[in-house]
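Input: a single structure, listed below in structure tokens.
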Amino acid sequence: NDEPPQVPNKMGLTRGRQFKQRLTGGERHVHRKKRNFELARPPANTKLTPGENRVRVVRVRGGHTKRRALRLTNGNFAWGSAGSTNKSRIIDVVYNATSNELVRTKTLVRGCIVQVDATPFKHWFYRHNGVLLGKKKIQLQKKDDSKKDLKRKKAAAKKEVKELKNPSKYILKKWAQRKANANIPANLESQFRSGRLLAKITSRPGQVGRADGKILEGKELEFYAKKLDKKKKKN
């Protein structure tokens, strides 16, 4: 036979309704082929990877582009009550309402709760208000300390915000005016002492290639803190 070999029909991912059941549960009669405007793509499954950002540009319908983040390590986080946004390192994924599997695999998606490094926010708060948040007294050397402990303490001391030696009169005047509004809630203060802040990712890493979000405060912080406490008690 001179007939060409049969090529199997490759089924593309689709978001169309024709392959889904009706609202009543009945099956739909498929009367047409798939369309390009119904095209779907595999999920990005963006992973938190220390020290590595991996973003791919994807051409989409209309010649536009999307930025598909495959691996991320930091993002811009807004501290709403202070009116400040800082770039900070994402330390860990701690909660996701969808599935614990996304927490285990450290997958970054919109709405997940992460821990971010508090150092950039400490630096900003000190420069703006003249108040050191979560200050610790680090004793660099004890008799029982090993070399590893000493190295860790020195690294922690470097991270601590250093006070200005001779601030100008102009800066001192500014700080005096702002000190009245420089108080922060106790639950946020305790996080600054630990060096990690709870934050929520509000961007879509698989669509825009970034993991940006906001620092949790007020009722929202209380809500997620309770969720995390429940999780710890179960474990």
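Name the residues in the stretch 25-52 that are open to solvent by 90 Å² or more (accessible area, probe 1.4 Å) and touching a strand residue (DSSP E or B) at 6+ places or on another chain (Cβ under 6 Å), would you?
Within the stretch 25-52, no residue meets the criteria.
Any idea how many residues of the stretch 53-72 are open to solvent by 50 Å² or more (accessible area, probe 1.4 Å), closer than 17 Å to R110 by Cα and not basic (K, R)?
First, pick out the residues of the stretch 53-72 that are open to solvent by 50 Å² or more (accessible area, probe 1.4 Å): 53-54, 56-57, 59, 61-62, 64-67, 70-71.
Subsequent filtering for residues that are closer than 17 Å to R110 by Cα retains 66-67, 70-71.
Next, only the ones that are not basic (K, R) stay: 70.
Total satisfying the criteria: 1.
Check L70, L48, L23 and return the single one that is free of Cβ contacts under 8 Å to residues at least 12 places away in the same chain and of a type outside the set (V, I, T).
Every option except L23 fails the conditions.
When the stretch 175-186 is examined, which residues are found to be in a loop (DSSP other than H, G, I, E, B), open to solvent by 20 Å² or more (accessible area, probe 1.4 Å) and modelled with pLDDT under 85?
Answer for the stretch 175-186, where residues must be in a loop (DSSP other than H, G, I, E, B), open to solvent by 20 Å² or more (accessible area, probe 1.4 Å) and modelled with pLDDT under 85: just N183.
When only residues in the stretch 92-108 that are within 9 Å of the chain's Cα centre (by Cα) and surrounded by 19 or more Cβ atoms within 10 Å (Cβ to Cβ) count, which is nearest to G213 (Cα to Cα)?
Top of the filtered list is L108.
With the structure loaded, tell me whether N1 is part of a loop (DSSP other than H, G, I, E, B) and modelled with pLDDT under 90 or whether it fails that test. Explain how you work it out, then say what you get.
Values: part of a loop (DSSP other than H, G, I, E, B): yes; modelled with pLDDT under 90: yes.
Criteria met by N1.
Take R22 and decide whether it is basic (K, R), over 30 Å from F192 (Cα atoms) and open to solvent by less than 50 Å² (accessible area, probe 1.4 Å).
No, not satisfied.
I'm trying to understand the selection: among the residues of the stretch 60-70, which are part of a strand (DSSP E or B) and of a type in the set (D, E, K, R)?
K66, R67, R68, listed by residue number.
So, in the stretch 187-235, of the ones that are touching a Ser or Thr at 6+ places or on another chain (Cβ under 7 Å) and assigned to a strand (DSSP E or B), which residue ends up least open to solvent (accessible area, probe 1.4 Å)?
Among residues in the stretch 187-235 that are touching a Ser or Thr at 6+ places or on another chain (Cβ under 7 Å) and assigned to a strand (DSSP E or B), the one least open to solvent (accessible area, probe 1.4 Å) is G213.
Write out, first by first residue and then by second, each pair whose Cβ atoms fall under 8 Å of each other, whose residues are 6+ apart or on separate chains, and whose first residue, in the stretch 124-136, is modelled with pLDDT under 80 while the second is aromatic (F, W, Y).
G134/F192
When you check G75 against the structure, is it loosely packed, with under 10 Cβ neighbours inside 10 Å and either closer than 19 Å to A211 by Cβ or of a type outside the set (A, V, I, L, M, F, W, C) (or both), yes or no?
No: the conditions fail for G75.
Within the set of pairs 6+ apart or on separate chains, which have a first residue in the stretch 79-106 that is without any contact (Cβ under 8 Å) to a residue 12 or more places away in the chain and within 16 Å of A44 (Cα to Cα), a second that is open to solvent by less than 80 Å² (accessible area, probe 1.4 Å) and assigned to a strand (DSSP E or B), and C-beta atoms under 6 Å apart?
Listed by first residue and then by second, the contacts come to V103/V93.
Within the stretch 71-130, work out how many residues are assigned to a strand (DSSP E or B) and of a type in the set (A, V, I, L, M).
Just the residues of the stretch 71-130 that are assigned to a strand (DSSP E or B), to begin with: 71-72, 74-79, 84-95, 107, 113-117.
Subsequent filtering for residues that are of a type in the set (A, V, I, L, M) retains 72, 78, 90-91, 93-94, 113-114, 116.
Number of matching residues: 9.
Going by the conditions given, is N86 polar (S, T, N, Q), surrounded by 16 or more Cβ atoms within 10 Å (Cβ to Cβ) and over 11 Å from the mean Cα position of the chain (by Cα)?
Details: polar (S, T, N, Q): yes; surrounded by 16 or more Cβ atoms within 10 Å (Cβ to Cβ): yes; over 11 Å from the mean Cα position of the chain (by Cα): yes.
Yes; evaluated as a whole, the condition is true for this residue.
The values are calculated or read from the model by the stated rules, or taken from the named source; none is laboratory data. Quick caveat: nothing in here was measured; it's all calculated off a predicted structure. Please note: Cβ atoms are built from the backbone with ideal geometry, for glycine as well, and neighbour counts cover all protein chains shown. We work out accessible area using only protein heavy atoms, side chains counted, and drop any ligands, DNA or RNA first. Shrake-Rupley method; radii C 1.70, N 1.55, O 1.52, S 1.80 Å.
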